[in-house]
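Heads up: the structure comes next, in C-alpha cells.
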Amino acid sequence: MTDLPLALVTGASRGIGAAIAHQLAPTHRLLLGGRDADALAKVAAELPGAQPWPVDLTDPAAVEAAASGIGRLEVLVHSAGIGRIGAIAEAPASAWRANFEINVLAVAELTRHLLPALRAARGHVVVLNSGAGQTARPGWAPYAASKFAARAFADALRAEEPELRVTSVYPGRTDTDLQRNVIAQEGGTYDATKYLRPDSVATAVLTAVTATPDAHLTEITVRPR
C-alpha cells in the first residue's frame, strides 16, 4: 500500500468527493479533506489506506500547515464547493464572497502550497467545476462567476506548470446535498432521478487521472441523459 501514489481529495466526506475517493482507493493512498472529522473518519474506515485530512480551507494558516507535511503528491482533486445563487439585483455581497472563498480562493491557496509536492511527482490537479462554469444563467451570477474564475485558474495553472496535468470537470446537475440546496434556493421540487449520480462524475475524474502518460484530458463535460 505504501508504494501506491498519493491522492488528496477535498470535500471527501460526502457526495462527489466521497465517490471520487472510493473510485481512487484501489490504486491510490488517500488523504480525505474536509471540515467534519467524524464524517471523514467514517469514509476512511471504508477505504484501506485512506486517512482523514480535516482542514478548514478558509483558514490560510491551517491550510499552509497541513500542506507542509506533504512532500510528494500525485493527485490533487478539488471537490469541495458551495453554491449560493441569486439574481444580480438581489444577491448580497456575502453570497459573492462565500462562493469565491470556497470555489476559488481555497482552490488557489491549497494548490499554491502543494505545488512543490505536485512538481516532485509530475502530478495531476483536477478541479470540479460545473455547467455554470461554461454558461452563466439568469439568477446564478454569484455562483457562475466563481466557477468561471475556477476555470480561469485551471487554464492558467495548466499553462504555467507544463509538467503537471490539469483537468477541469464540468458536471451537470448531480444528486448531492449542494444540489438540494440549490433547488431549495430556486424554489423548485427536488427529483433525484433527473440528475447525475455522484459515481458517474467520479468515473469521469478517474478516467482523467488514469489516462496513459501521453494523454492529457484538459476538460471533461458530463451531463444527465
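The values are calculated or read from the model by the stated rules, or taken from the named source; none is laboratory data. Not measured: the values here are computed from a predicted model. Here the Cβ is made from the backbone with ideal geometry for all residues, glycine too, and neighbour counts use every protein chain on show. Calculation scope for accessible area: heavy atoms of the full protein, side chains included, ligands and nucleic acids excluded. Shrake-Rupley method; radii C 1.70, N 1.55, O 1.52, S 1.80 Å.
Proximity of backbone amide H atoms, modeled 1.01 Å from N, is registered between V126 and L76, V77, H78, T167 at under 5 Å, excluding neighbours fewer than 5 places apart on the same chain. Solvent-accessible surface of the chain, taken per residue with a 1.4 Å probe and all protein chains present: 47 Å².
In percent, what relative contact order does the stretch 102-225 have, based on Cα pairs under 8 Å that are 6 or more apart in sequence? Walk me through the intermediate numbers first.
On the way: 154 pairs, mean separation 33.6, N = 124.
27 percent.
Take the alpha-carbon centre of the stretch 74-130, take the same for the stretch 1-73, and report the distance between them in whole Å. Each part's Cα centre sits 16 Å from the other's. Taking the chain as a Gaussian network of alpha-carbon nodes connected by springs under 10 Å, the highest mean-square fluctuation of the residues A149, A93, A204 belongs to A93. As a fraction of the 1.4 Å probe accessible area of the chain, surface on carbon and sulfur atoms comes out at 53 percent.
Dipole size in debye (nearest 20) for the stretch 1-123 around its Cα centre, Lys and Arg Cβ +1, Asp and Glu Cβ -1?
Working: 10 positive and 11 negative charges, 54 e Å.
With Lys and Arg at +1 and Asp and Glu at -1, about 260 debye.
Span-like helix check, the chain: qualifying full DSSP H segments, with Cα axial length of 20 Å or more and mean Kyte-Doolittle of 0.0 or more, are 106-121, 141-160.
As a rough guide to protection, the peptides 18-31, 78-91, 48-61, 179-192 ranked by mean Cβ packing within 10 Å, highest first, stand as 18-31, 78-91, 48-61, 179-192. Projecting the Cα positions of N129, P224, G188 onto the charge dipole of the stretch 122-225 (unit charges on Cβ atoms of Lys, Arg, Asp and Glu, taken about the Cα centre) puts G188 furthest along the positive direction.
Give, rounded to the nearest 20 debye, the magnitude of the charge dipole that the stretch 82-181 has about its Cα centre when Lys and Arg contribute +1 at Cβ and Asp and Glu contribute -1 at Cβ. Before the final figure, lay out each step's value.
Values: 12 positive and 9 negative charges, 26 e Å.
That gives a dipole near 120 debye.
Among A39, A66, A215, the largest mean-square fluctuation in a Gaussian network model of the chain, built with springs joining Cα atoms closer than 10 Å, belongs to A215.
Please state the relative contact order of the chain as a whole percent: Cα pairs under 8 Å, 6+ residues apart?
19 percent
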